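> Please read through the structure below; I'll follow up with questions.
The values are calculated or read from the model by the stated rules, or taken from the named source; none is laboratory data. Bear in mind the structure is a predicted one, so any value in this text is a computation, not a measurement. Quick reminder, even Gly has a Cβ in these numbers, built from the backbone with ideal geometry, and neighbours come from all protein chains shown.
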Amino acid sequence: MRVLAAMSGGVDSAVAAARAVDAGHDVVGVHLALSRGSAGDGSAGPAPARARGCCTVEDAGDARRAADVLGIPFYVWDLSERFQADVVDDFTAEYAAGRTPNPCVRCNERVKFAALLDRALALGFDALATGHYARLEPSADGGPPTLHRARDAAKDQSYVLAVLPPERLARALLPLGDAASKAEVREEAAQRGLAVAEKPDSHDICFVPGGDARAWLAERVPRRPGLVRDEDGAVLAEHDGAAGFTVGQRRGLRVGRPAADGKPRYVLSLSVASGDVVVGPAERLERTRVVGGPPVWAGPPPAEGHRLGAQLRAHGAEVPCVLAGTDPLVLDLAEPVRGVAPGQTVALYDGTRVVGSATVERAA
Amino acid sequence: MSASSPDGRPAERPARVYADHAASAPVLPEAAEAVLRALSLTGNASSAHAEGRAARRVLEESRERVAASLGAAADEVVLTSGGTEADALAVTGLYRARREQDPARRRVLVSAVEHPAVLEPARGLAAAEGAELVLLPVDERGRLRTDALAAELERHGGATALVSTMWANNETGVLQPLEEVVRLAAAHGVPVHSDAVQAPATQDVDLAASGLAALSVSGHKVGAPVGTGALLLRRGQALAPLVRGGGQERGLRSGTSAVALAAGLATALAAAARDRPAEAARLAGLRARLLAGVRAGVPDAALRGDERPGASLPGTAMLTLPGCDGDALLYLLDARDVAVSTGSACSAGALRPSHVLAAMGVPDDDARGALRVSLGRTSTAEDVDRLVAVLPEVVVAARRARAATLPTTRTPSPTPAAAGSAATAGV
């Protein structure tokens, strides 16, 4: 196959590309320039502080060097326009609406496995390889493959791919799904002579320099001061904008007085319309029913009453649940989960297999 | 992509078509031989012993040949590491020297289509040394508007430190009206520098005849190794050095003389001067063949520049292909063994709309589909024919790819035919 390997400049995507080469594919590496002024705009002077692992000149250089070591052609493609519209602006708008988006999910859904994959297909490629830790298993009937958790549960990234419809997964190649561990991948990178073998993992939101998302949002979301209240409506503090708070957030509430029970308080809910941010003790965050938007199913929708696992955050634990409704998606969780926020993605599992996903609309 | 790919492609692939001579030209065998010969010399050209004298002899003979090839005297040649260094030395050095003589002269006039090697030092002077940077406009064909320069000098001639205008643009190949620039500037006592990096292979670059105060050349655009270049500085022209040290190059560019590189530069420039008339005519013929072929295969392609005879470098053609992205075109052609470039390469390989096309009034949307074809000494009619043959299918694929990349929220682009502009010079 002709395979386009997305190469971020990190160790995972470099090894993924290497494994695609080893598998006998005709591989071309591509690094995505995702932010304006990134990856070599030719301007002089030291690079401003940018998050690592996305699109700094250094990352592009690391990716290029890895491609050279692998002996594959390499290009930098500018998808910044698309990334801005579909990931960055979406992120800002979601927070402005009082929701909690996951930009990595959006990026996979709308940039990597949408714009990039479509572009690759148009240019004559058959598949897109990435360094995600997740497994694709071929289907028995020759249809699209199914997505499964990675062999290494600690590194599993199937959550951020769970939004992909089957026809997109059919064009994906995930060579790291069977890796035993990140350590194994680093070891392999070192053996292959890839200089990124010891490069630190990236954790932050790639387009937020320094990782301070609240400060970043504060510059972009209109400030509308409001009140921090307890569940009885008593005013505890003022804030300068409900947008940017996240359900389950504890820090930065600036609530002067301690709670009557002396326990820390968390954001329970927020309303951008009224400006109210309601806080309370941790146990009041607990939710057992999740309602989502229109689900994306990997195959035929499971029957109502089906027992599944739900994952509500990128690194959250899987919680057993019962599928109480499919349109809209309704899940009854077997155990309470804290901090379920509208805007988050819920990924549904049957064993290791991803069966579908949806965006959380509300929880009770 | 390995030659033995499993998808059934032939293991034997045709030789590649290299149509990116404006980025870097293949090293001339005679230049390589000159470098190798000089590498056998031991000794620092500044040393007084026999070894030093032998090295110095090659260095100075090389300097004389560079001078002879470019209408200059040997003591007007400042050897550098390349065109970028020569440009930086000229812009910064002329500014500092002119301002030293007359503190009122703070204005730096450069054309809007200059290479970053000129633009960035000029911006540096504006940011750190009180310079007032003026970007001079070009017309829709990419040629400097001398009326704007005249008006600028009329108002601020006494406050102007220097003018820098390239000989030929690196993206479009369009020749600049240097004679007029020099005439206008001279009336106000303003020195003129020209980045002539793209010119020597086909143009009569002659320092004396040009009236320029300084001009930059680069070795690797004419078949010398990368890492060679020179600033030609008119005798008597004041210039402040950038690299200070042992005082080589008459104190204007310190650093142990790179004797072997100088030999390569001299040999390549001499060959360029020798072959220039025949080469210019040959390349003009190839370019006409290219444009006719492109016109036939991709009717809405547009030449950005000046197609009139003698108005641009004969081997360079900047095309815009509506509905395409330059990086997709580059990939598709590379995969078909054709090497070209988009508007302008940059260190990380990402693409931004060309500032040259923007200055010519080309809309961003059209500038995204820019493709620079630059033919040179090794180019053949077969190269041109192969490029022309694959271009239509490449454009079709690039348009599909562009459509896939548009933001989902964006309204569709106007049809390619409607996206043309006044800057279209009718391919």
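> Which of the residues that make up the stretch A:61-70 are free of Cβ contacts under 8 Å to residues at least 40 places away in the same chain and in contact with a helix residue (DSSP H, G or I) (Cβ under 8 Å, 6 or more places away or on another chain)? Step through it out loud before you land on a result.
First, the residues of the stretch A:61-70 that are free of Cβ contacts under 8 Å to residues at least 40 places away in the same chain: A:64, A:68.
None - no residue of the stretch A:61-70 is free of Cβ contacts under 8 Å to residues at least 40 places away in the same chain and in contact with a helix residue (DSSP H, G or I) (Cβ under 8 Å, 6 or more places away or on another chain), so the list stays empty.
> May I ask you to verify whether A:Ala120 is more than 12 Å from A:Val163 (Cβ to Cβ), at pLDDT below 95 and either more than 17 Å from the chain's Cα centre (by Cα) or among the small types (Gly, Ala, Ser) (or both)? First the steps, then the outcome.
Values: more than 12 Å from A:Val163 (Cβ to Cβ): yes; at pLDDT below 95: no; either more than 17 Å from the chain's Cα centre (by Cα) or among the small types (Gly, Ala, Ser) (or both): yes.
Judged against the criteria, A:Ala120 is not a match.
> For the list (1) surrounded by 18 or more Cβ atoms within 10 Å (Cβ to Cβ); (2) in contact with a Gly (Cβ under 8 Å, 6 or more places away or on another chain), I need the number of the one condition that A:Pro320 fails.
(1)
> If we only count helices (runs of 4 or more DSSP H) wholly inside the stretch A:149-236, which ones have 3 or more residues that are at negative phi and among the hydrophobic types (A, V, I, L, M, F, W, C)? Step through it out loud before you land on a result.
Details: elements: A:158-161, A:166-169, A:182-191, A:213-218.
Result: A:182-191, A:213-218.
> Let me ask you something else. Just to be sure, is B:Val243 under 26 Å from B:Val163 (Cα atoms), at pLDDT 95 or above, touching a Lys or Arg at 6+ places or on another chain (Cβ under 8 Å) and not hydroxyl-bearing (Ser, Thr, Tyr)?
Values: under 26 Å from B:Val163 (Cα atoms): yes; at pLDDT 95 or above: yes; touching a Lys or Arg at 6+ places or on another chain (Cβ under 8 Å): yes; not hydroxyl-bearing (Ser, Thr, Tyr): yes.
Criteria met by B:Val243.
> Can I ask one more? So is B:Glu61 over 18 Å from B:Ala230 (Cα atoms) and modelled with pLDDT of 95 or more or not? Give the steps one after another, and end with the answer.
On the way: over 18 Å from B:Ala230 (Cα atoms): no; modelled with pLDDT of 95 or more: yes.
It is false that B:Glu61 is over 18 Å from B:Ala230 (Cα atoms) and modelled with pLDDT of 95 or more.
> So which residues in the stretch B:148-177 are within 19 Å of B:Arg98 (Cβ to Cβ), part of a helix (DSSP H, G or I) and under 24 Å from the mean Cα position of the chain (by Cα), if there are any at all?
Correct list: B:Leu149 only.
> Just for helices (runs of 4 or more DSSP H) wholly inside the stretch B:338-423: which have at least 1 residues that are surrounded by 18 or more Cβ atoms within 10 Å (Cβ to Cβ) and at pLDDT 95 or above?
Details: elements: B:355-359, B:364-367, B:381-405.
Answer list for the stretch B:338-423: B:355-359, B:381-405.
> What number goes with the only condition from (1) within 20 Å of A:Ala153 (Cβ to Cβ); (2) not in a strand (DSSP E or B) that A:Pro342 does not pass?
The number of the failed condition is (1).
> Which residues, taken from the stretch A:242-273, are touching a strand residue (DSSP E or B) at 6+ places or on another chain (Cβ under 7 Å), over 20 Å from A:Val360 (Cβ atoms) and of a type in the set (Gly, Ala, Ser)?
Once the filter is applied, which keeps residues that are touching a strand residue (DSSP E or B) at 6+ places or on another chain (Cβ under 7 Å), over 20 Å from A:Val360 (Cβ atoms) and of a type in the set (Gly, Ala, Ser), the stretch A:242-273 yields A:Gly256, A:Ala259.
> Take the conditions within 14 Å of chain B (Cβ to nearest Cβ), under 27 Å from A:Trp216 (Cβ atoms) and aliphatic (A, V, I, L, M) and apply them to A:Ala96. Does it pass? Steps first, answer last, please.
Working: within 14 Å of chain B (Cβ to nearest Cβ): no; under 27 Å from A:Trp216 (Cβ atoms): yes; aliphatic (A, V, I, L, M): yes.
Answer is no for this residue.
> Is it the case that the stretch A:199-219 has a residue that's farther than 30 Å from A:Ser271 by Cβ, more than 22 Å from the chain's Cα centre (by Cα) and in the same structural domain as A:Phe83 (by TED's automatic domain parsing)?
no
> Suppose we filter A:Pro222, A:Pro138 for residues that are closer than 24 Å to A:Phe83 by Cβ, of a type outside the set (Lys, Arg), at pLDDT below 95 and surrounded by fewer than 15 Cβ atoms within 10 Å (Cβ to Cβ); which single one remains? Let's see the steps before the verdict.
Numbers: A:Pro138 fails: closer than 24 Å to A:Phe83 by Cβ.
Exactly one residue qualifies, and that residue is A:Pro222.
> For the stretch A:128-153, give me each residue that is free of Cβ contacts under 8 Å to residues at least 12 places away in the same chain and small (Gly, Ala, Ser).
Within the stretch A:128-153, A:Ser139, A:Ala140, A:Gly142, A:Ala153 meet the criteria.
> Now, a different point. Could you go through the stretch B:324-332 and let me know if any residue there is surrounded by fewer than 22 Cβ atoms within 10 Å (Cβ to Cβ), outside any helix (DSSP H, G or I) and out of contact with any strand residue (DSSP E or B) (no Cβ under 7 Å at 6 or more places or on another chain). I'd like the intermediate steps shown before the answer.
Initial filter on the stretch B:324-332 (surrounded by fewer than 22 Cβ atoms within 10 Å (Cβ to Cβ)): none.
Looking through the stretch B:324-332, none of the residues is surrounded by fewer than 22 Cβ atoms within 10 Å (Cβ to Cβ), outside any helix (DSSP H, G or I) and out of contact with any strand residue (DSSP E or B) (no Cβ under 7 Å at 6 or more places or on another chain).
> Check off (1) at positive phi; (2) surrounded by fewer than 21 Cβ atoms within 10 Å (Cβ to Cβ); (3) touching a Leu at 6+ places or on another chain (Cβ under 7 Å) for A:Gly98 and give me the number that stays unchecked.
(2)
> Quick one: which strands (runs of 3 or more DSSP E) lie wholly within the stretch B:180-296 and hold at least 1 residues that are among the basic types (Lys, Arg), within 19 Å of the chain's Cα centre (by Cα) and within 18 Å of B:Asn170 (Cα to Cα)?
Numbers: elements: B:192-195, B:214-218, B:229-233.
Of the strands (runs of 3 or more DSSP E) lying wholly inside the stretch B:180-296, none has at least 1 residues that are among the basic types (Lys, Arg), within 19 Å of the chain's Cα centre (by Cα) and within 18 Å of B:Asn170 (Cα to Cα).
> Of the residues A:Leu128, A:Leu121, A:Leu116, only one is surrounded by fewer than 21 Cβ atoms within 10 Å (Cβ to Cβ), out of contact with any Cys (no Cβ under 8 Å at 6 or more places or on another chain) and within 22 Å of B:Arg400 (Cα to Cα); which? Walk me through how you get there before you give the answer.
Values: A:Leu128 fails: surrounded by fewer than 21 Cβ atoms within 10 Å (Cβ to Cβ); A:Leu116 fails: surrounded by fewer than 21 Cβ atoms within 10 Å (Cβ to Cβ).
Going through A:Leu128, A:Leu121, A:Leu116 in turn, just one is surrounded by fewer than 21 Cβ atoms within 10 Å (Cβ to Cβ), out of contact with any Cys (no Cβ under 8 Å at 6 or more places or on another chain) and within 22 Å of B:Arg400 (Cα to Cα): A:Leu121.
> Residue under question is B:Arg123, and the condition is that it be at pLDDT 95 or above, over 26 Å from B:Ala224 (Cβ atoms) and part of a helix (DSSP H, G or I); does it hold? Walk me through it before giving the result.
Values: at pLDDT 95 or above: yes; over 26 Å from B:Ala224 (Cβ atoms): yes; part of a helix (DSSP H, G or I): yes.
Answer is yes for this residue.
> Suppose we filter B:Ala25, B:Ala15 for residues that are part of a loop (DSSP other than H, G, I, E, B), at pLDDT below 95 and more than 14 Å from chain A (Cβ to nearest Cβ); which single one remains?
B:Ala15
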